[in-house]
Structures are given as structure tokens and as C-alpha cells.
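The values are calculated or read from the model by the stated rules, or taken from the named source; none is laboratory data. Just so we're clear, the structure is a prediction, and the values are computed from it rather than from any experiment. For accessibility, only protein heavy atoms count, side chains too; no ligands or nucleic acids. Shrake-Rupley method; radii C 1.70, N 1.55, O 1.52, S 1.80 Å.
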Amino acid sequence: MIRLLVFVSLFFLFSPVWSQTDSTSAGKPKKEKKEKKKKVYPTDTSYHHSVRTAALLSTFIPGAGQAYNEYGYRKYRSKKHRAWWKVPLVYGGLGVLGYYFYDNYFQAKLLKEEYLVRQDNPGLTFHHPQFEGYTESQLTTDFDFYSRRRDIFAFATIGFYGLQIIEALVDAHFVTFDVSEDLSFQWRPVMLDRQTAGLSVSLRF
């Protein structure tokens, strides 16, 4: 009986401490683990990006294919690649090459005209003031130089024009190319037979 009374007394004596501890711990909010959620960008599933359209646009309007690809990339917002910065490069490259082509073409034209005028008018020292003091040999030498440079820049301009068409065509394929996390590439060693080791490669779409 005495033991029971002692037990009950100790129970009521320490019960406020336990209750305070429980209430204190209960008052504290539990820390919840914050899960990092990956951003999911909406994709326009009804959109169809045409590779042929990109090539044709760049053919008729330089840089238009790159702009069209940029429009396509914005429809697939999960992709980080962008194509808008290529448009000023296209016009910058064509502008520089076109300028040097015209400059060399104009110089070659003036030299040819100067030479032909002197041939038609014997004794004439110059026709254009900038060629005063030039001999006919110097005129032909400079004409060959500028005409050669004219041809080089003409081919370079055509080549760059074709290159931007090819770039728009290739880049258009990557607009709809699947680069999601569902793609996986794995390799592991395998035994082809009891004495021959090999390598297994698997690509999952």
C-alpha cells in the first residue's frame, strides 16, 4: 500500500514536467523537407516545326530560317538552345563580304576603264585623276590584283550565303530533337563466350 502511494505521488509530481515537455515539442512546427521541384515548361503539342520551311526562308531571305528556328525553340521552352543571335551574324557576315566584293569590283572597273580610254586615245596621260602617273603596265597589274580579290569575295559571299541555309536546315532538326531525360546511354562489359570479353552498349528512347 505504501509503495502504491509512493508511485502515485511520483506520477503526479513528474506529470507536469512531462506535459510541459510534450506541449513544448508539440508547439514547435516540424521541419518538412523541401523537395526541389523541377520547372516544367508548357509545350505546344499542336506545333509542327518544318525543316523545309526553315531552309526555304533562309534561301529567299537570309537569316529568316534562323528566326523561324528561334520561334520553334520558344514553342519548346524546355530547351535551352536559342537561334536568335545567329541572325545578326548572318547579316554582319554578308554585309562585310558584300562590301569588300563591291569595293574590289569598283576598283577593277575603274582600272579597266582607264586602260581602255588610254588605248582609244593615244597620248592621254590619265582619264581618272587617281590614276595620274600610272603606266599601262601598272594598270594591268592592279587590275589583275583587284579582279582576283573581287572573284574571291564573290565566291566567299556565295559560300557564306549557302552556309547560312545549311545551318538553318541542320538547326531545324534540333528544334524537335528529343533531349529529354528519357534518353539514356549505357555501356557495360559482357562476356561473349567463356573466353571472350566484350562491351554492351544500349541506347534507350
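For the reader, a short list of remarks on this structure follows.
- Sequence of LYS109, LYS75 from largest to smallest accessible area, 1.4 Å probe: LYS109, LYS75
- Accessible carbon and sulfur surface of region 53-156 relative to its total accessible area, %, 1.4 Å: 62 percent
- Heavy-atom accessible area order for THR125, THR135, THR157, largest first, 1.4 Å probe: THR125, THR135, THR157
- Figure note: LEU124, LEU97 ranked by solvent-accessible area, largest first, 1.4 Å probe, ligands and nucleic acids not counted: LEU124, LEU97.
- Only protein heavy atoms count here; under a 1.4 Å probe, VAL170 has an accessible surface of about 70 Å².
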